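The values are calculated or read from the model by the stated rules, or taken from the named source; none is laboratory data. For clarity, every value in this text was computed on a predicted model and none was experimentally measured. Please note: Cβ atoms are built from the backbone with ideal geometry, for glycine as well, and neighbour counts cover all protein chains shown.
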Amino acid sequence: MGRFPHAPARFFESRADLLIAREAMALTDVEALAAEPLERLSGGERQRVVLARALAQQPRLLVLDEPTAHLDLRYQAECVALLRRLHRDEGLGILLISHDLNLAAEVSDRLLLLAGGRAVTSGPPHEVLQAPVLEAVYGCRVAVDKHSATGRPTVSVVWPEGR
């Protein structure tokens with residue numbers, strides 16, 4: 001289905017379409033799921049299949065809403081590595097929407113922080129992910145540190161003491 005935008009008047013995929021789709025499936029490690037109906041897939045499998053479908057369209061800009069939702073740690077890491085590689089090696093533009101501030105900090109060059117549908121601040125992750133800003137937006141205490149391996153900001157909730 002990912003190839004449909006390239007030839008909506010056709011009823012069947014060409015050999016080239018099938019090769020492109022198979023390549024996208026290989027990139028997202030879903031080849032073994034090719035014959036499975038979408039409704040039988042787990043949330044994580046479905047997420048990876050949808051990403052493969054999007055990649056099969058060969059976009060110049062990929063718009064992703066919570067791309068690592070429902071993925072276990074292994075597939076989160078593989079998804080992030082794939083997105084970085086596609087951006088770096090193929091110049092794929094990626095617009096990523098996420099509630100996961102740590103994911104956003106790790107994969108993004110620039111962030112736009114929204115609150116109530118309005119822009120609060122934008123810029124590189126180290127400028128946007130500041131404790132006072134995040135505390136004002138989210139209404140809870142946070143700690144912002146640097147990831148020991150990447151140096152990127154990491155955000156943690158400072159959990160309130162139990163009453």
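Criterion applied to L103, L82 was being assigned to a helix (DSSP H, G or I), closer than 30 Å to A24 by Cα, in contact (Cβ under 8 Å) with a residue 40 or more places away in the chain and out of contact with any Lys or Arg (no Cβ under 9 Å at 6 or more places or on another chain), and the one residue passing it is L82.
Note on region 118-163: enclosed strands (runs of 3 or more DSSP E) holding 1 or more residues that are of a type in the set (S, T, Y), closer than 18 Å to L103 by Cβ and out of contact with any Ser or Thr (no Cβ under 6 Å at 6 or more places or on another chain) are 118-123, 153-157. Condition first: buried (at least 18 other Cβ atoms within 10 Å of the Cβ), aliphatic (A, V, I, L, M) and more than 30 Å from D145 (Cα to Cα). Can you find one or more residues in region 30-38 that meet it? Yes, because at least one residue in region 30-38 is buried (at least 18 other Cβ atoms within 10 Å of the Cβ), aliphatic (A, V, I, L, M) and more than 30 Å from D145 (Cα to Cα). Please count how many residues of region 141-156 are more than 19 Å from D109 (Cα to Cα) and in contact with a strand residue (DSSP E or B) (Cβ under 6 Å, 6 or more places away or on another chain). Within region 141-156, residues that are more than 19 Å from D109 (Cα to Cα) and in contact with a strand residue (DSSP E or B) (Cβ under 6 Å, 6 or more places away or on another chain) number 3. Per the listing R48, R53, the residue uniquely surrounded by 18 or more Cβ atoms within 10 Å (Cβ to Cβ), at pLDDT below 90, out of contact with any Cys (no Cβ under 7 Å at 6 or more places or on another chain) and among the charged types (D, E, K, R) is R48. Contact map, region 46-61: residues that are more than 10 Å from I20 (Cα to Cα) and in contact (Cβ under 8 Å) with a residue 12 or more places away in the chain paired with residues that are of a type in the set (F, W, Y) and surrounded by 17 or more Cβ atoms within 10 Å (Cβ to Cβ), Cβ distance under 9 Å, separation 6+ or inter-chain. Pairs shown: Q47/Y75; R48/Y75. Here is the figure for region 85-100: residues that are surrounded by 14 or more Cβ atoms within 10 Å (Cβ to Cβ) and assigned to a loop (DSSP other than H, G, I, E, B) total 3.
Only one entry in D65, D72 is over 21 Å from R22 (Cα atoms), touching a strand residue (DSSP E or B) at 6+ places or on another chain (Cβ under 9 Å), among the acidic types (D, E) and in contact (Cβ under 8 Å) with a residue 12 or more places away in the chain, namely D65. The number of residues in region 29-54 that are touching an Asp or Glu at 6+ places or on another chain (Cβ under 8 Å) and under 18 Å from A81 (Cβ atoms) comes to 4.
Here region 2-29 is the region considered, the condition is being assigned to a loop (DSSP other than H, G, I, E, B) and surrounded by 12 or more Cβ atoms within 10 Å (Cβ to Cβ), and the residue that is modelled with the lowest pLDDT is R3. Against the criterion of being acidic (D, E) and assigned to a strand (DSSP E or B), D109 does not qualify. Residues in region 101-112 that are over 20 Å from R60 (Cβ atoms) and within 10 Å of the chain's Cα centre (by Cα) were compared, and the one that is surrounded by the most Cβ atoms within 10 Å (Cβ to Cβ) is A104.
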